[in-house]
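One structure is given here, and the rest of the page talks about it.
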Amino acid sequence: MVKVVKFGGSSLASAEQFSKVGDIIRADESRKYVVPSAPGKRSSKDTKVTDMLYSCYTSAEAGEQFRVQLMKIKERFDSIINGLGLKISLDEEFKTISANFKAKAGADYAASRGEYLNGMIMADYLGYEFIDAATVIFFDEEGNFDSEKTNQVLKKKLAECERAVIPGFYGSNPDGSVRTFSRGGSDITGSIVAKACHASLYENWTDVSGCLVADPRVIENPQPIKVITYRELRELSYMGASVLHEDAIFPVRKAGIPINIRNTNDPQAEGTLIVESTCQKPEYTITGIAGKKGFVAVSIDKDMMNAQVGFCRRVLQAFEEHGISIEHMPSGIDTMTVFVHQEEFEGKEQQVISSIRAMTEPDVIDLEADLGLIAVVGRGMKSARGTAGRIFSALAHANINVKMIDQGSSELNIIIGVSNDDFDAAIKAIYDIFVETNL
Ligand code: ASP
């Protein structure tokens with residue numbers, strides 16, 4: 001059995017965290033391939049090494065002095081090396097990095113050094129082989145991840161190494177230069193490595209015990225989610241619940257490998273298992289609740305709207321022409337409402353309205369701002385009767401006015417629109433009825 005284990009920045013921020021990670025890896029023989037992030041924050045006021053590298057490189061690129069900044073970064077790594085009592089020295093590596101910064105090797109190269117150096121330390125600490133990600137993870141001419149080439153080369157390389165450390169976040173362009181994924185991209189590397197070695201499990205170790213039923217900033221000590229499907233996770237992530245880089249799902253999902261989100265600071269906790277499908281019943285009818293604030297509802301009324309062919313298309317075209325994406329679109333017989341992001345809409349409001357007027361000649365256009373959308377997600381809702389009833393009676397009891405309801409046809413989610421001011425109270429009411437009371 002082979003497991004791929006990825007550790008996030010906070011799990012590797014200091015020597016103390018490193019040794020927790022060492023214990024975790026040594027506790028299970030099958031944890032053979034390790035994907036580290038760069039050292040993250042040691043406290044809330046600290047700076048991530050990746051951010052230090054970006055700003056150091058900005059100075060280098062501008063032709064300013066960057067030595068002091070670079071030495072601060074070196075200190076972060078040296079304190080880990082010394083704290084673990086290792087013999088490895090990064091002096092030569094930092095000379096190379098400094099020369100490459102002077103030669104303007106690029107921001108991606110700069111940022112990738114956090115993972116690269118942390119990977120070297122990790123390999124030394126564990127006695128595992130070090131594989132530079134630039135030699136096994138590839139991007140194509142357009143800068144897109146080259147899955148085929150990567151899988152071919154990486155598979156072969158892993159077959160030659162029984163245990164190895166592969167730094168996260170970066171790979172190489174066809175010309176050999178370094179390229180990174182977007183921020184948080186070590187999650188993607190972990191997923192790619194898991195696919196290439198046909199891992200039985202991809203463990204993603206972070207600083208929370210998996211996904212939670214609701215946002216801990218809104219609900220005190222929310223329950224963890226034990227098992228969640230990829231589709232449920234997509235719905236919740238889209239609405240702001242983030243535990244994993246969005247693109248990390250695809251390589252393992254296609255290969256049928258589950259992801260286990262675990263907590264480095266609480267290794268006994270089982271965390272959350274993310275699977276393609278499961279016949280395991282969720283503990284509660286709902287799997288999770290997530291939401292976002294800051295939407296505007298644009299309502300358009302026109303008598304006999306239902307009889308006009310192409311009316312909806314013209315309204316949507318007005319938004320499209322101004323580059324505004326649409327979140328939801330509940331409609332009635334003579335009215336339709338379009339939910340959009342307030343931030344995106346505000347600057348273009350009058351142009352959009354005049355386009356709608358010109359294209360559809362409506363009777364009334366009404367705007368309502370400061371709305372929140374809440375997604376109640378769960379595979380268990382499909383066959384359960386009365387879920388919507390429970391949600392809305394809970395909201396009514398909490399004195400919350402519901403402005404929009406949208407149930408996806410897959411019955412995987414129900415989206416509710418409320419005023420921003422009612423947002424927290426609405427999530428609490430829904431959480432209470434399904435989780436606390438579990439009626
Ligand atoms: N170190 C990179 C970042 O801070 C990548 C990662 O941690 O996944 O975004």
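The values are calculated or read from the model by the stated rules, or taken from the named source; none is laboratory data. Computed from a prediction, not measured in an experiment: that's the story for all the values here. Reconstructed Cβ throughout: ideal geometry from the backbone, glycine too, with neighbour counts over all protein chains shown. Accessible surface is based on the protein model in full, side chains and every heavy atom, while ligands, DNA and RNA are left aside. Shrake-Rupley method; radii C 1.70, N 1.55, O 1.52, S 1.80 Å.
Assorted remarks:
- Exactly one residue out of TYR238, TYR202, TYR230 is open to solvent by 10 Å² or more (accessible area, probe 1.4 Å) and among the hydroxyl-bearing types (Ser, Thr, Tyr): that is TYR238.
- Selection of first residues in the stretch 241-254 that are open to solvent by 40 Å² or more (accessible area, probe 1.4 Å) and of second residues that are part of a helix (DSSP H, G or I) and within 12 Å of the ligand (Cβ to nearest atom), restricted to Cβ pairs under 7 Å at least 6 apart or on distinct chains, gives the following pairs, ordered by first then second residue: ASP247/ILE188.
- Where VAL208 falls short, out of the listed (1) away from the ligand (no atom under 16 Å from the Cβ); (2) open to solvent by 50 Å² or more (accessible area, probe 1.4 Å); (3) within 24 Å of GLU270 (Cβ to Cβ); (4) assigned to a loop (DSSP other than H, G, I, E, B): (1)
- None of ARG76, ARG42, ARG67 is under 25 Å from THR180 (Cβ atoms), modelled with pLDDT of 95 or more, under 25 Å from the mean Cα position of the chain (by Cα) and of a type in the set (Lys, Arg) except ARG42.
- Any hit, the stretch 281-304, residues being free of Cβ contacts under 8 Å to residues at least 40 places away in the same chain and either farther than 23 Å from THR387 by Cβ or surrounded by fewer than 17 Cβ atoms within 10 Å (Cβ to Cβ) (or both): yes
Listed here are the residues, each with its yes/no results for (1) closer than 30 Å to ILE430 by Cα; (2) polar (S, T, N, Q); (3) surrounded by fewer than 17 Cβ atoms within 10 Å (Cβ to Cβ).
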site: GLY143; (1), (2), (3): no, no, yes
site: GLU148; (1), (2), (3): no, no, yes
site: CYS161; (1), (2), (3): no, no, yes
site: SER182; (1), (2), (3): no, yes, yes
site: ARG217; (1), (2), (3): yes, no, yes
site: PRO224; (1), (2), (3): yes, no, no
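- Cross-chain or 6+ apart pairs with Cβ under 7 Å, the stretch 35-59 first and under 21 Å from VAL21 (Cβ atoms), then near the ligand (Cβ under 9 Å from one of its atoms) and open to solvent by 60 Å² or more (accessible area, probe 1.4 Å): ALA38/LYS48; GLY40/LYS48; LYS41/LYS48
- Residues located in the stretch 317-341, provided they are at pLDDT below 90, over 16 Å from LYS292 (Cα atoms) and part of a strand (DSSP E or B): SER331
- Selected residue [of a type in the set (Ser, Thr, Tyr) and either within 14 Å of the ligand (Cβ to nearest atom) or open to solvent by 20 Å² or more (accessible area, probe 1.4 Å) (or both)] from SER30, SER44: SER44
- Contact map, the stretch 329-349: residues that are over 19 Å from VAL364 (Cα atoms) paired with residues that are outside any strand (DSSP E or B) and open to solvent by less than 30 Å² (accessible area, probe 1.4 Å), Cβ distance under 7 Å, separation 6+ or inter-chain. Pairs shown: GLU344/ILE324.
- The residues in the stretch 419-439 that are part of a loop (DSSP other than H, G, I, E, B), out of contact with any Ser or Thr (no Cβ under 9 Å at 6 or more places or on another chain) and of a type outside the set (Ser, Thr, Tyr) can be counted, and the count is 1.
- The conditions of being within 15 Å of the ligand (Cβ to nearest atom), touching a residue at least 24 places away in the same chain (Cβ under 8 Å) and among the acidic types (Asp, Glu) are not met by ASP215.
For (1) surrounded by 14 or more Cβ atoms within 10 Å (Cβ to Cβ); (2) among the small types (Gly, Ala, Ser), each residue gets a yes or a no:
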residue	(1), (2)
VAL352	yes, no
ILE356	yes, no
GLU361	no, no
ALA375	yes, yes
HIS397	no, no
LYS403	yes, no
ILE416	yes, no
ILE430	yes, no
